[in-house]
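> Quick one: structure below, then a few questions.
The values are calculated or read from the model by the stated rules, or taken from the named source; none is laboratory data. Everything quoted here is computed from the prediction, not taken from an experiment. Positions of Cβ are generated from backbone atoms using ideal geometry, with glycine treated the same way; all protein chains shown enter the neighbour counts.
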Amino acid sequence: VEFVIPGHGKVCSKVELQKWLDYLEKAVILIRKMNTQGFSEKDIIKKLNELEYYPPKNEQHKELSLKRWYQVITGRS
């Protein structure tokens, strides 16, 4: 496999997919850890914003994505 066709977004390479998965893994770990420690959604999103977003040219979707991931991971939708 040389390329991946995502459910949305552009066709990407395995390297690009791995970068996105690495970013997602960091975000999930951080959300779970901070949620367990009792941090608020606002504080968790603020900390998540410090992570380098991937893909970097898609920064406009960052806040919305992070809030949705928080809701899904914590069960607060």
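> Being surrounded by fewer than 16 Cβ atoms within 10 Å (Cβ to Cβ) and within 10 Å of the chain's Cα centre (by Cα) is the filter here; which residues of segment 65-77 pass it?
Answer for segment 65-77, where residues must be surrounded by fewer than 16 Cβ atoms within 10 Å (Cβ to Cβ) and within 10 Å of the chain's Cα centre (by Cα): 65, 67, 68.
> Exactly one of these conditions fails for residue 39: (1) part of a loop (DSSP other than H, G, I, E, B); (2) within 12 Å of the chain's Cα centre (by Cα). Give me its number.
(2)
> Out of the residues in segment 45-54 that are in a loop (DSSP other than H, G, I, E, B) and surrounded by fewer than 16 Cβ atoms within 10 Å (Cβ to Cβ), which is modelled with the lowest pLDDT? Before you say what the answer is, go through the steps one by one.
Within segment 45-54, the subset in a loop (DSSP other than H, G, I, E, B) is 49-54.
Now drop any that are not surrounded by fewer than 16 Cβ atoms within 10 Å (Cβ to Cβ), which leaves 49-52.
Working: 49: 90, 50: 91, 51: 90, 52: 85.
Applying the filter and picking the extreme gives 52.
> In segment 3-12, is there at least one residue being basic (Lys, Arg), surrounded by fewer than 16 Cβ atoms within 10 Å (Cβ to Cβ) and in a helix (DSSP H, G or I)? Step through it out loud before you land on a result.
Of segment 3-12, the ones basic (Lys, Arg) are 10.
Still in the running and surrounded by fewer than 16 Cβ atoms within 10 Å (Cβ to Cβ): 10.
Retained after the next criterion (residues that are in a helix (DSSP H, G or I)): none.
So far as segment 3-12 goes, no, none of its residues is basic (Lys, Arg), surrounded by fewer than 16 Cβ atoms within 10 Å (Cβ to Cβ) and in a helix (DSSP H, G or I).
> Every residue in segment 50-77 that is of a type in the set (S, T, N, Q) and more than 13 Å from residue 28 (Cα to Cα), please.
Quick first cut of segment 50-77, residues of a type in the set (S, T, N, Q) only: 58, 60, 65, 71, 74, 77.
Selection gives 58, 60, 77.
> Among 42, 57, 19, which is the only one that is charged (D, E, K, R), free of Cβ contacts under 8 Å to residues at least 40 places away in the same chain and surrounded by 11 or more Cβ atoms within 10 Å (Cβ to Cβ)?
Numbers: 42 fails: surrounded by 11 or more Cβ atoms within 10 Å (Cβ to Cβ); 57 fails: surrounded by 11 or more Cβ atoms within 10 Å (Cβ to Cβ).
After ruling out the rest, the residue left standing is 19.
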